[in-house]
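Report on one structure; see the data block that follows.
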Amino acid sequence: MTGQESDRGVGHADIYRHSLAVRVTHWINVLCLTLLLMSGLQIFNAHSALYWGQASDFGRPVLAVGAQLKDEKRVGVTQILGHPFETTGVLGLSGPAGSREERGFPAWITLPGYQDLATGRRWHFFFAWVFLINGLIYLASGLLRGHVWRDLVPSRGQLRHIGRSLVEHLRLRFPRGEEAKHYNVLQQLAYLMVIFLVLPLIVLAGLTMSPGIDAAFPWLPAVFSGRQSARTVHFIAAFTLVAFVLVHVLMVLVSGVWNNMRSMVTGWYRIEPAGEPHGS
């Protein structure tokens, strides 16, 4: 956020909320994360199970997705920590009824849509590096401009009101006036967690799965208790990021989709006058 502000109508003001660097890196992230998720699921489908440790323990997977025979009929089954759940049509066995195929995740969410591990790996590795470089540019820009410390680190006062902020979000009540010029404490904590915990964890766990990286940094697999553990951590962290994105998109929609989209395209965000919080 910046301090630029202008009156552009009766009862409200527009502030220049997002710099060009933030907007460009944001949309590059959207592209990269979409392609990384789809290509990552293609890679997962090549062996749709996760384990803990250095080697695969086929008898005790943390997660396994596939098809099984039940009453002489094939069904999709997802097993989590030894507990099976029937997921026919979604996971394990997907596609139109009558012509379903066995695969971890359905074709519509993988890149490419057909089974092709080599192509999926090429897409994944290319956009992983684009994502990493783009993230470093965002972080460097944010640190140099003071964006990270000024806008993302909550004050003690904000932390004391975290309960109230949570209740207001659950009631879909959003701030107006002066309070709307800054990220609230829930946004700040979520962004900090993603930037400094989830994303580094995804990158490090992803690198740990590379034999070349392990040869250069032999201590890295031990950090995750083995390469198979790193694969599991990478998967969990990736879906934690997916959950964050889904909540983020939901908040964009319910708090004013046009205003939020305009701010991430042009930089300008409209502040409504103080009074009853938006959404009440």
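Summary of computed values
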{"read-out": "Output for segment 53-75, where each listed residue is part of a strand (DSSP E or B) and closer than 23 Å to H234 by Cβ", "value": "L63, A64, V65, G66"}
{"read-out": "Residue that is surrounded by the fewest Cβ atoms within 10 Å (Cβ to Cβ) [pool: residues in segment 6-27 that are at pLDDT 85 or above and in a loop (DSSP other than H, G, I, E, B)]", "value": "S19"}
{"read-out": "Test: residue in segment 64-85 that is touching a residue at least 40 places away in the same chain (Cβ under 8 Å) and not assigned by TED's automatic domain parsing to the domain that holds R227", "value": "yes"}
{"read-out": "Evaluation of R60 against (1) at pLDDT 95 or above; (2) surrounded by 12 or more Cβ atoms within 10 Å (Cβ to Cβ); (3) not polar (S, T, N, Q) (one fails), failing number", "value": "(1)"}
{"read-out": "Some residue of segment 116-135 being buried (at least 18 other Cβ atoms within 10 Å of the Cβ), aliphatic (A, V, I, L, M) and in a helix (DSSP H, G or I)", "value": "yes"}
{"read-out": "Residue count, segment 208-248 (criterion: part of a helix (DSSP H, G or I) and in contact with a Gly (Cβ under 7 Å, 6 or more places away or on another chain))", "value": "4"}
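The values are calculated or read from the model by the stated rules, or taken from the named source; none is laboratory data. Remember, predicted model here, so these are calculated numbers, not experimental data. Cβ coordinates were reconstructed from backbone atoms using ideal geometry, including for glycine residues, and neighbour counts include every protein chain displayed.
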